[in-house]
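The values are calculated or read from the model by the stated rules, or taken from the named source; none is laboratory data. Everything numeric here is computed off the predicted structure, so don't read it as measured data. Because the Cβ atoms are built from the backbone with ideal geometry, glycine has one as well, and the counts that use them run over all protein chains shown.
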Amino acid sequence: MYVKLLSASVFGIEGRFIEVEVDICSGLPQVSVVGLPDSAVRESVERVRAAIKNGGMKFPMDRITINLAPADLRKEGSAFDLAIAAGILCASGQVSPQLLEDTLFIGELALNGSVRNVPGVLPMTELARRAGVRRVIVPKDAVVEASLINGIDVFGIASLDDWVSGTLIMKQRGRSLVNTDKERHLEPSSLDEDNAQTVHQLDLSDVVGQTQGKRALLVSAAGMHNIMFIGPPGTGKTMLCRRLPTIMPPLDDEEALTVTKIFSVCGKLSNGHAGLIRKRPFRAPHHSISTAGLIGGGSIPKPGEVTLSHHGILFLDEMPEFSRTALEALRQPLEDREVMIGRVRGVCQFPARFMLAASMNPCPCGYSGGTSEDRVCTCSPAAISRYRARMSGPLADRLDLQVELPRQSVRTQEKDGLTLTSLQAREQVIEAASRQRLRYCNRGIRWNSELQGPLLQQYTKLSTDAEDLLHLVYNQLGLSFRAHDRILKMSRTIADLSGRETICSDDVAEAISYRCLDTLT
């Protein structure tokens, strides 16, 4: 007997339907899985066999052929186990094939018949909703995640036997227990709550002094501009960057769904989370990370840290310590805001709309240019040159804000009397972000950092004094066109923070002051 049912896989960060065809005919007992399965899919035969037997059902002693279509797409993972088991039970006459209609099956089977969670349930459920599938059957642990998608019935099962008895109940009563809370996506997830506890302990007021650094952080967050802090050890570079999430506005519904899908595909959603991720991601990989780990890759491409930082922050502490190859691979995502990974069987596209935050010392020992007599730089000019050359000029040019942080006195905070808190800074950032959302509502962009081409010319009109100042600095410092445009974008953000539509010379002057690497010899 032949049956066909739906399962799904993940390609990039989007779901893709996989048709599971099961044919049982007379012959020697044998199970063949075709359709470019990987090792995990081929091994599913033994998991399915044990799960069916231990669930009190009968595994057919006939010739069984299982096809995963489309046949030219590589299949990986264990998400097809439940669909394969359901197909075998239906093809052998133990369950009616009518109960498979208009249903998507997702789940991995244990040997005792229990159903385990798999990565990517959220994008697969979203695919089913878009295609008009009426119901999706998922592991019990994934019910809340799948229920974030409106317009589809979600059935969570703990074991294969639950599905068999559940379908009989559906047939007899026309209903079954489902998660009907379709507005849970409006609540924060448990992952957000965990992050909130950590973020709550951090505050911008913890950083002593560094008034210019805090102002630069405010400009960076308000326009999603890339930022780098340069200074000797202990000046607050890492502290400032790690407080970026505390002043960023929350994700809107569309952004939150995309970020949650990415974390779902990567298997980084905690069990029992209650809603979409609302806080912007903050990723801080170790400097030993590979290029594939940073950008993404693999024989079947998987997202890297730049994608996990989508709509959030990628923090590279001590940036020159990262490999030159990994750093140079960042150049294309920083410009295109996406990652294209080509393999023999196709090309995967991953979103990478992130803010790059970085820190570095001025030299290997960290004390070049310092004023303290106790901390004298011991690096040779050649060593300093090699250290700075680890980050190429084109990459440095893509960092909007390049800010030097001087060593601070322990009494700086008391003298300044300024204690800008994260709450105060966040209010300013949200107000500036709101102005940008209103300005670009029909332009396909959301932040000043995304301005380019005609939009850049349209929304960065300078006063006469500001234009003269920018022209003068451009010629004297020998800036690139990219640096010129990034100064314009920063000026637009600084004006937004001041609540002005017109960009004046003070805005341009402040933006220019954040380009220290352009004047570094």
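When LEU488, LEU462, LEU470, LEU455 are screened for being free of Cβ contacts under 8 Å to residues at least 24 places away in the same chain and surrounded by 12 or more Cβ atoms within 10 Å (Cβ to Cβ), only LEU455 passes. Every test in (1) free of Cβ contacts under 8 Å to residues at least 60 places away in the same chain; (2) surrounded by 17 or more Cβ atoms within 10 Å (Cβ to Cβ) is passed by ILE88 save one, and that test is (1). Among the residues of the stretch 90-102, is any β-branched (Val, Ile, Thr) and at pLDDT below 95? Within the stretch 90-102, one or more residues are β-branched (Val, Ile, Thr) and at pLDDT below 95.
Helices (runs of 4 or more DSSP H) fully within the stretch 198-299 that include at least 3 residues being surrounded by 20 or more Cβ atoms within 10 Å (Cβ to Cβ): 211-223, 237-242, 253-265. Regarding THR325, is this residue part of a helix (DSSP H, G or I) and modelled with pLDDT of 95 or more? No, not satisfied. When the residues of the stretch 94-152 are filtered to those that are touching a strand residue (DSSP E or B) at 6+ places or on another chain (Cβ under 7 Å), among the hydrophobic types (A, V, I, L, M, F, W, C) and in a loop (DSSP other than H, G, I, E, B), which remaining residue is surrounded by the fewest Cβ atoms within 10 Å (Cβ to Cβ)? If we take residues in the stretch 94-152 being touching a strand residue (DSSP E or B) at 6+ places or on another chain (Cβ under 7 Å), among the hydrophobic types (A, V, I, L, M, F, W, C) and in a loop (DSSP other than H, G, I, E, B), then ALA110 is surrounded by the fewest Cβ atoms within 10 Å (Cβ to Cβ). Highlighted here are the helices (runs of 4 or more DSSP H) found entirely within the stretch 407-520 that include at least 2 residues which are at pLDDT 90 or above: 422-439, 453-459, 464-477, 481-497, 505-513. Among residues that are loosely packed, with under 15 Cβ neighbours inside 10 Å, within 30 Å of LYS268 (Cβ to Cβ), at pLDDT below 95 and out of contact with any Phe, Trp or Tyr (no Cβ under 8 Å at 6 or more places or on another chain), GLU43 is included.
So that you can scan it fast, the table gives a plain yes or no per residue for (1) under 17 Å from ALA358 (Cβ atoms); (2) under 19 Å from the mean Cα position of the chain (by Cα):
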position	(1), (2)
PRO233	yes, no
LYS237	yes, no
LEU251	no, yes
THR258	no, yes
LYS261	no, yes
LEU276	no, yes
PRO285	yes, yes
SER290	no, yes
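Would it be correct to say that VAL22 is modelled with pLDDT of 95 or more, within 24 Å of PHE155 (Cα to Cα) and touching a Phe, Trp or Tyr at 6+ places or on another chain (Cβ under 9 Å)? The answer is yes for VAL22. In this structure, does GLU338 turn out to be more than 21 Å from SER264 (Cβ to Cβ) and either touching a helix residue (DSSP H, G or I) at 6+ places or on another chain (Cβ under 7 Å) or of a type in the set (Asp, Glu) (or both)? In short, no. Evaluate the following for SER505: is it more than 12 Å from ASP400 (Cβ to Cβ), touching an Asp or Glu at 6+ places or on another chain (Cβ under 7 Å) and not assigned by TED's automatic domain parsing to the domain that holds ALA222? Yes: the conditions hold for SER505.
Residue pairs whose Cβ atoms lie under 7 Å apart, sitting 6 or more positions apart in sequence or on different chains, and linking a residue in the stretch 111-128 that is of a type in the set (S, T, N, Q) to a partner that is assigned to a helix (DSSP H, G or I) and surrounded by fewer than 24 Cβ atoms within 10 Å (Cβ to Cβ), are ASN112/ASN54; ASN117/ASP141.
Yes/no per residue for (1) under 11 Å from the mean Cα position of the chain (by Cα); (2) under 25 Å from LEU401 (Cβ atoms):
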| site | (1), (2) |
| --- | --- |
| SER264 | yes, no |
| LYS302 | no, no |
| GLU305 | yes, yes |
| LEU330 | no, yes |
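Among the conditions (1) free of Cβ contacts under 8 Å to residues at least 40 places away in the same chain; (2) within 17 Å of VAL154 (Cβ to Cβ); (3) among the small types (Gly, Ala, Ser), the only one that ALA79 does not satisfy is (1).
Criterion first (buried (at least 19 other Cβ atoms within 10 Å of the Cβ), in a strand (DSSP E or B), in the same structural domain as VAL115 (by TED's automatic domain parsing) and in contact with a Pro (Cβ under 6 Å, 6 or more places away or on another chain)) does ILE18 satisfy it? So ILE18 does not fit the description; no.
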